[in-house]
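The values are calculated or read from the model by the stated rules, or taken from the named source; none is laboratory data. The structure presented is a predicted model; accordingly, all values stated were derived computationally and were not measured. Neighbour counts run over all protein chains shown; Cβ positions are idealised from the backbone, glycine included. To get the accessible areas, we keep the full protein, side chains included, count just its heavy atoms, and leave off ligands, DNA and RNA. Shrake-Rupley method; radii C 1.70, N 1.55, O 1.52, S 1.80 Å.
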Amino acid sequence: MEKSMLNPSDFVGVSFWIMSAAMLAATFFFWVERDRAEGKWKTSLSVAAMVTGIACLHYFYMRGVWMETGESPTVFRYVDWLLTVPLQITEFFLILSAIAVVRAQLFWKLLVASIVMLVTGYLGEVGQMEGGNAGHLWPMFIVGTLAWLYIIYEIFAGEASKINAASGTAASQKAFSALRLIVTVGWSIYPLGYIYGYAGGGDVDTLNLIYNLADFVNKIAFGVVIWAAATSAPAKKAKK
Ligand SMILES: *C/C=C(C)/C=C/C=C(C)/C=C/C1=C(C)CCCC1(C)C
């Protein structure tokens with residue numbers, strides 16, 4: 001019974017708990033603030049709230065798995081990512097289409113690449129669990145990383161790069177540069193977690209702490225950037 005209580009010295013467990021609360025608060029915030037946004041931005045805030053809402057549910061379960069078994073909640077983690085990453089790709093696409101004419105094909109390319117990235121990461125990580133194929137760890141990591149680099153390529157050098165400073169509103173430009181930062185800097189925290197978590201024998205504490213931090217940055221902080229752009233949009237328009 002004692003096992004199911006949160007131990008104050010279990011800092012990874014505490015970080016799971018903090019994340020659950022933060023995701024809940026963020027969801028409520030984006031949802032309520034949707035009222036202050038205009039037009040297309042309302043949809044962006046709804047998507048931001050869906051991302052943190054889905055993550056909140058998974059964090060409650062992940063915290064439970066961690067506290068009761070002391071093991072990485074890998075399956076919940078990846079189910080969460082498989083649901084929220086496509087939503088974030090949708091968010092990127094919404095922002096891009098607010099700035100320029102982008103073909104639906106770009107959306108599908110980004111979606112397929114992100115799924116390849118997650119499925120390979122999952123296969124690599126479950127291989128480390130009991131009965132898994134441990135030999136998958138680094139080959140899968142390499143394929144996943146290539147898929148991520150492809151996404152970066154599409155955003156910086158592909159179709160999306162045609163977007164320049166002259167197109168779109170100031171608010172959508174701000175959201176677009178945030179998007180680029182998230183996909184390069186923000187998302188890089190995940191492969192770093194994988195490396196620190198598994199290289200040299202494995203360290204589940206570090207793995208989960210880094211993944212939790214990454215989710216905070218890429219789901220909550222990203223949502224806040226979208227929110228800032230969304231709520232500044234009407235003011236900018238009125239000035240013109
Ligand atoms: C809300 C969840 C998000 C934004 C999750 C993003 C996950 C990644 C960017 C994962 C990346 C990985 C690689 C680039 C290599 C293989 C291992 C992964 C799956 C951790």
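At-a-glance table
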read-out	value
Cβ-based charge dipole, the chain, positive-most Cα from 196, 75, 142	142
Rh by Kirkwood over Cα pairs, then Stokes-Einstein D for the chain at 1.567 mPa s and 4 °C, µm²/s	69
Over the chain: helical MRE at 222 nm, DSSP H runs n ≥ 4 each giving -39500 (n - 2.57), nearest 500	-25000 deg cm²/dmol
Relative contact order, percent, segment 11-233 [alpha-carbon distance under 8 Å, six or more residues apart]	24
Most to least packed among 47-54, 143-150, 67-74, 8-15 [average Cβ atoms within 10 Å]	47-54, 143-150, 67-74, 8-15
Unit charges on C-beta of K, R, D, E only; dipole of segment 11-233, Debye	820
Whole-number accessible area per residue in Å² for the chain, which is evaluated in the context of all protein chains at 1.4 Å	48
Aspartates and glutamates with Cα under 13 Å of residue 162, excluding same-chain neighbours fewer than 8 positions away	154
Mean Cβ count within 10 Å, highest first, over the residues of peptides 213-221, 107-115	213-221, 107-115
Packing-based order for 30-39, 90-99, using average beta carbon neighbours within 10 Å, highest first	90-99, 30-39
Hz values of 3J(HN,Hα) by residue in segment 74-86 - Karplus curve (6.51, -1.76, 1.60), Gly and Pro given as x	4, 5, 4, 4, 6, 4, 4, 5, 5, 8, 8, 5, x
Of all accessible heavy-atom area on the chain, the percent that carbon and sulfur account for (1.4 Å)	71
Listed pairs 40/109; 109/174; 40/174; 174/219 exceeding 19 Å between Cα atoms	40/109; 109/174
